[in-house]
1. Please count how many residues of segment A:14-60 are surrounded by fewer than 21 Cβ atoms within 10 Å (Cβ to Cβ) and either touching a His at 6+ places or on another chain (Cβ under 6 Å) or not acidic (D, E) (or both).
2. Can you tell me how many residues within segment B:225-267 are modelled with pLDDT of 75 or more, surrounded by 23 or more Cβ atoms within 10 Å (Cβ to Cβ) and over 18 Å from the mean Cα position of the chain (by Cα)?
3. Kindly provide the set of residues from segment A:93-104 that are of a type in the set (A, V, I, L, M, F, W, C) and more than 7 Å from every other protein chain (Cβ to nearest Cβ), ordered by number.
4. Read through the list (1) of a type in the set (A, V, I, L, M); (2) over 18 Å from A:T11 (Cα atoms); (3) more than 13 Å from chain B (Cβ to nearest Cβ); (4) crowded, with 24+ Cβ neighbours inside 10 Å, then give the number of the only condition that A:A68 fails.
5. Being surrounded by fewer than 24 Cβ atoms within 10 Å (Cβ to Cβ) and under 12 Å from the mean Cα position of the chain (by Cα) is the filter here, so list the residues in segment A:170-190 that pass it.
6. If the requirement is being more than 22 Å from the chain's Cα centre (by Cα), modelled with pLDDT of 85 or more and of a type outside the set (D, E), which of these qualifies: B:A206, B:A196, B:A185, B:A189?
7. For segment B:80-89, indicate whether the set of residues that are within 14 Å of chain A (Cβ to nearest Cβ), crowded, with 20+ Cβ neighbours inside 10 Å, part of a helix (DSSP H, G or I) and in contact (Cβ under 8 Å) with a residue 60 or more places away in the chain is non-empty.
8. Here is a list of conditions, (1) in contact with a Lys or Arg (Cβ under 6 Å, 6 or more places away or on another chain); (2) at the interface with another protein chain (Cβ under 9 Å from one of its Cβ atoms), and A:V107 meets all of them except one; can you say which number that is?
Amino acid sequence: MTAVLELERVTHVYGSGHVAVAALDGVSLAVAAGELVAVMGPSGAGKSTLLNLAGGLDRPTGGRVVVAGTDLGRLDGRGLAALRRRRVGYVFQDVNLLPGLTAAENVALPRELDGVRTRDARAEALAALELVGLTERAGAFPDELSGGERQRVAIARAVAGERVLLLADEPTGALDALTGEAILGVLRARCDDGIAGVLVTHEARYAGWADRVVFLADGRVVDETERAAPAPAGGSPGGSR
Amino acid sequence: MSALAGSRAVARLAWRDVARHPGRSLLVAAVLALPTAELASATVLLRTSDLKASGSFEQANVFTLVFLPTVAAAALTAAAAIAVGARRQLRELGLLAAVGADRRHLGQIVLLQGAGLGLVGGLAGIPLGLAVTWAAFPVMRTWLNPVVDEHGASIVPRFSVIGRDIRWVVAFTATVALLTSLRPAFAAAKVPVAAALAGRRPSRAARPRLAVAGVAVALVGLVLQVLATYLDGRGVLLPVQVELLFLGTFQGIPSPLVWTLAGVTMLTPGAVALAGRVTPQRPAALRLAARDTARHPGRSAPAVAAVAAGLGVLVVLGSLASDPPVAGEAWELYALSQGVRTPPFPPALRLLLVVFTAMTLAVVLVVNALGRAEARDDFAVLDALGAAPATRRMLAAASAWLLTELGALLGVAAALSVLVAQQAVRVFAPLWQPASLPWVMLVLVVVAVPAVAAVAAAAAPGRLPHHPVERRPA
């Protein structure tokens, strides 16, 4: 299977001189289309840094990051921004949505920033919201949505258009267990549709939804396990698995 | 992708943020309405007056000396408010970048917010200024030089508005609104995405070049002052534009002071950074205020500059009050040309004293309120740690005191250097004349004004979140 995301011996160092800290130290990872990889590890292991590099939010100090065949090192700031508008979607733990925009406007935003007409972007946004079961809440502002609904809107935004890579940084961190499972179900379903996904999580039960779990410690991959059994059966409480 | 791609989304985001923060939006608009109102009023008054009647542009010059510090204070305060807004949007800007907004989009959002509000406020200031001038015209026209016809008969000034002048005021408004927003917009465009998403403010490297440029501009002001006094002593007549902008004086108030103050403005980021380092361990409120001031140069440096501008002019005005021969000489010449008796201290200067004191206090209080809004999370943490309500008031007071004191010291330094340069050429030797310095005014500016600002800030009502360390909604 072709890898959508490839990290080749990636290193990232914060600071310089005697205060230099290696957040990532020679990490290699490949994620194929339709695959969901969970990244686990203690705080400071480099999980969020890995995600930032994979999405072009930051640049590696060493090594190579390739997304859908594009070497991110060859892209300038505009190129990276365009990549995030078109190919990569993010879901964060909190502050996921812009409070001044409705759910549909939040989902449509990357497409509008890319020059797509407002009407067309909205149509795509509504289609994406339908995938996460939130069509009726399209006109709601973020503070009118529950925590779980906000995360589902964020997932809709992350997969709208022609996205190939979904990066989720502790998307269940601020949610209760039941809502968290529902969110993971939605993520899993989108990956089953063909998107490559990387999920950073502290919780082993959420990692159970992934095809593979990568353990990071002190910026290095210390262990990697394949999923022994299929992800929790019966679909997700909130998703369309 | 075209340059306009996403512009509708950007405009919508900018507008929604403006609407979500009506207090801050109103503040920016109102602050920038003030200089525009002043300028609109001046266009009527200066057109009505015969500027050539007294042989120099005294009325235009005093307008410049009032107007420039007002514009500076207003623009700097608005810039501080816009910068605070941009910083509070930091995570949203980071989120926008994460979903694909590039630097241009981020800068445009802040620029649209600031420039749009400035333009709206400025345009609202035009009818406001004209209305006030119209209402007060019967009094104001008595301050103007009388216009005489070819037969030497006085013409009674009439209130009239000239369209071309108003177009210039609109152009001025647009320019100030744009310039005010540029720096925060550039800062927003350069925000590191990963740091913004984590809520970390980008670290600001020290800018020694700006400080060097500031010293150079301040020195230019001093050189201009020496030149102005020298030429004035020799009775050299200069083109009015040169007199107005570079070498003019109005009853002893030197135009080169504006240059020196501009140089001082460029020194303020360095001054606030220094204040963060050179702080006593106790009291804790002062230490916290100093660190906060240094951590937020985008807010504190413009405030210090605005205070320095206001108080710098105030000190020079005070020097006239404490040095009757200087004020009297110029005033006497003017009075003789007008055929009036010489008062000891012109009433217009007394009015200016009041105006600049009020302006300084207003700037400090506004910036302090912005600081309180920005530090809301910090206050919540303090509350969670068990800090008493009085602690918050002490912090507000310490912050106001520090901003005003820094501005006062810089403004006094600028004013004194110009006054000494003026004296140096006028009397040749000795260069230093302590007796002619405005000691009372200096004490007022360096001690009393910061104290009043501190008391006013402590007395201002503050809001506390009901739930300490609450998480912001998405």
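1. Of the residues in that region, 19 qualify.
2. 1
3. Within segment A:93-104, A:A103, A:A104 meet the criteria.
4. Among (1) of a type in the set (A, V, I, L, M); (2) over 18 Å from A:T11 (Cα atoms); (3) more than 13 Å from chain B (Cβ to nearest Cβ); (4) crowded, with 24+ Cβ neighbours inside 10 Å, A:A68 violates only (4).
5. Those that are surrounded by fewer than 24 Cβ atoms within 10 Å (Cβ to Cβ) and under 12 Å from the mean Cα position of the chain (by Cα): A:E170, A:R188.
6. Working: B:A206 fails: modelled with pLDDT of 85 or more; B:A196 fails: modelled with pLDDT of 85 or more; B:A185 fails: more than 22 Å from the chain's Cα centre (by Cα).
None of the others qualify; the one that does is B:A189.
7. Yes, there is a match, as at least one residue in segment B:80-89 is within 14 Å of chain A (Cβ to nearest Cβ), crowded, with 20+ Cβ neighbours inside 10 Å, part of a helix (DSSP H, G or I) and in contact (Cβ under 8 Å) with a residue 60 or more places away in the chain.
8. It is condition (2) that A:V107 fails.
The values are calculated or read from the model by the stated rules, or taken from the named source; none is laboratory data. Remember, predicted model here, so these are calculated numbers, not experimental data. Cβ atoms come from the backbone with ideal geometry, glycine included; neighbour counts cover every protein chain shown.
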